[in-house]
Amino acid sequence: MEMIKLSFNGKEFETEKGKRASDILKEAGADMTGALVVKVGEKLLDMGSPLNEGGAMKIITFNDAEGKQVFWHSTSHLMAAAVKNLYPETKVTIGPAIDEGFYYDFDRDKSFTEEDLAKIEEEMKNIIKLNPALKRTEITKAEAVKVFTDMGENYKVEIIQAIDAPTVSLYALDKFTDLCRGPHIGLVKKIKAFKLTKISGAYWRADEKNKMLQRIYGISFPEQKMLDEYFTVLEEAKLRDHRKIGKELSLFSTHEEFGPGLIYWHPKGSIIRKEIEDFWRNEHLKRGYDLLFTPHVAKVDLWNTSGHTGFYKDSMYPSMIMDETEYLVKPMNCPFHILIYQTGMKSYRDLPLRWAELGTVYRYEKSGTLHGLMRVRGFTQDDAHIFLREDQLDDELNKLIEIIEFILKTFGFPGFDVFLSTRPKEFIGEIEAWDKSEAALRRALDKAGLKYNVDEGGGAFYGPKIDIKIKDALNRTWQCSTIQVDFNLPNRFDVNYIGKDGKEHRVVMIHRALFGSLERFFGVLIEHYKGAFPVWLSPIQAAVLTLTDRSVEIAGGLVEKLKEAGIRVKLVDDNDKIGAKIRDATMEKIPYMLIIGDKEVENNTVSVRKRTGEETKDVKLEDFIAMVKGRIATKDLTI
């Protein structure tokens, strides 16, 4: 009898090879409440899978990010089974989990309606009552082609033919069989609450030359209470929509008729951007970074050398011809920083070199994916590249995690999820270098005491990375900071330094962004604060409101004193009643309103009203100025 070594909750043991994962866990005394799938090492497996390899076992529940993805993916299969039961002529394509929920793309001549969604939901409930299991089987590619050809599922046949493996896995649910790698949750009775949310169009394989399919989106949870809470949050999210608030507060705009996915920063939004940029620059200069500025275009040769034309071409804008030479707009800043490095040979004593740039880049995102500030075609990366020796890698990664935590907390994001994204299927360089990079990133995360999930295959084509997703006021996650270790671009560009031995040695590069992009980060800030920014970020920090015409002259003098103190202020001295002035300033999310009437003029004081409604009377102007300047200086998140 062949045995394998496993561990669970720190306890190591041996068990018979080929035994079901769920049976092994029960024998190990595991609490199976909420169990969806099992993780062995870095592999997610069905609970019913036979285990043929050893490793550390972990039960994955809906509380885990991976558990949510499995749960939602399983629900997409349930939805597809219901669709096929109701509308058997429909052809199925793909149905993945997404950041929130799932979708499935269908090819059907007749359009789905809202009434159809209600019928599909009811059929999903009927299937759940039967409580069938999602059963996995493995067959050869040839057998799978025949299975789906016989079903008339030509999209599945196309997918199978592109798979580079001798076998594929299928999952059967009720009368529905789907091509899928899995894993899945087993019994669909675990899906206690769900809702199909919308219908949209989607091209097959996201290619506009292909047929338009119908995409049905949905969300599901293991408890009804969680679904109810989800929709409560969704309603609040509508109120926080950065596009809506951005328009109301005149922070930014887009002009689709002159180019979708391009952002126009208005004066108020630009003030906030300036504060973000100034803070970013100052913190980098404190930490030993130098600042760079680089061009927006370069000859195609540069992008051939970097590998972008081979691995990133679809996301780059078409080339332009100048002086009979092909140029491309930059999608990334890294090759330019390498060129600056190569203007002179560096010594081991010069390293690490930390170079940072607020560099605007352009990427061709599909029009259907564009979304306000969150997904754009032109954006500014808060980019940095660190050139260093391999022996400096651990120390530098530790410093990077420290600055990320500091900056995110400063902006009011103390919570975040961390992912280690590993080598993708298509990559450049040697596997040994990738293994070194991944090991260094793991050490840095472990030293910082950060819990993290592994995103298998989620790395960039030139190196693995740490991805940090910040949590906003609604506990939603947003991709933000990234740290990438790269042994490969230095090889492609022959980037070296002179070592202690007088010989040339290859540098290591770290690619790093803290905000990700200023545009997306600004969008997240708007929604996080619902437009009511902390004082230091507010485009207008105080409004002086007059009660009577007699206080106008005094109010003008107060405004000048506030400006001299470095406080952004506006004067509201029109003929509106004070209630209207207060309402307008509150709607404008101005932190403080200074109300000036006859009593305040007589006492040489102001009444200070916060946008939250609290009011303090008889405040000396110098005391107010000192308080506001203190909050600005400390980046206080309260008012």
Quick one: compute the contact order of the stretch 542-633, relative version, from alpha carbon pairs under 8 angstrom and 6+ residues apart, as a percent.
30 percent
The rounded separation in angstrom of the Cα centers of the stretch 283-352 and the stretch 571-600 is 50 Å
Report the local net charge at Gly429: Lys and Arg +1, Asp and Glu -1, summed over other residues whose C-beta lies under 12 Å from its C-beta.
-1
When you count, for each residue, the other Cβ atoms within 10 Å and take the mean per peptide, how do 424-432, 37-45, 531-539 rank with the highest first?
531-539, 37-45, 424-432
Among beta bridges that DSSP assigns inside the stretch 542-633, antiparallel share in %, nearest 5:
45 percent
Asp394-Thr232 FRET efficiency (beta carbon distance; Förster radius 51 Å; 0.05 resolution)
0.70
Relative contact order [Cα under 8 Å, 6+ residues apart], the stretch 197-314, whole percent:
10 percent
Surrounding charge for Phe413, neighbours by C-beta under 9 angstrom, Lys/Arg +1, Asp/Glu -1, total +1
Net charge (Lys, Arg +1; Asp, Glu -1) of residues whose beta-carbon lies under 14 Å from that of Ser306, Ser306 excluded, is +1
For a quick size check, give me the Cα extents of the stretch 453-543 along its three principal axes, largest first, whole Å.
64, 34, 19
Can you compute the equivalent ellipsoid semi-axes for the chain, i.e. the square root of 5 times each eigenvalue of the Cα gyration tensor, sorted largest first and rounded to whole Å?
48, 34, 26
Relative contact order for the chain using alpha-carbon pairs under 8 Å, separation at least 6, rounded to a whole percent?
9 percent
Efficiency of FRET from Cβ geometry, Asn603 and Lys129, R₀ 51 Å, rounded to 0.05
0.10
With -39,500 (n - 2.57) per DSSP H segment of 4 or more residues and division by the full residue count of the chain, the 222 nm estimate, nearest 500 deg cm²/dmol, is -11000 deg cm²/dmol
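Computed from the coordinates by the stated procedures, all read-outs in this text should not be read as laboratory data. Predicted model only: the values in this text are computed from it and were never measured. Cβ atoms come from the backbone with ideal geometry, glycine included; neighbour counts cover every protein chain shown.
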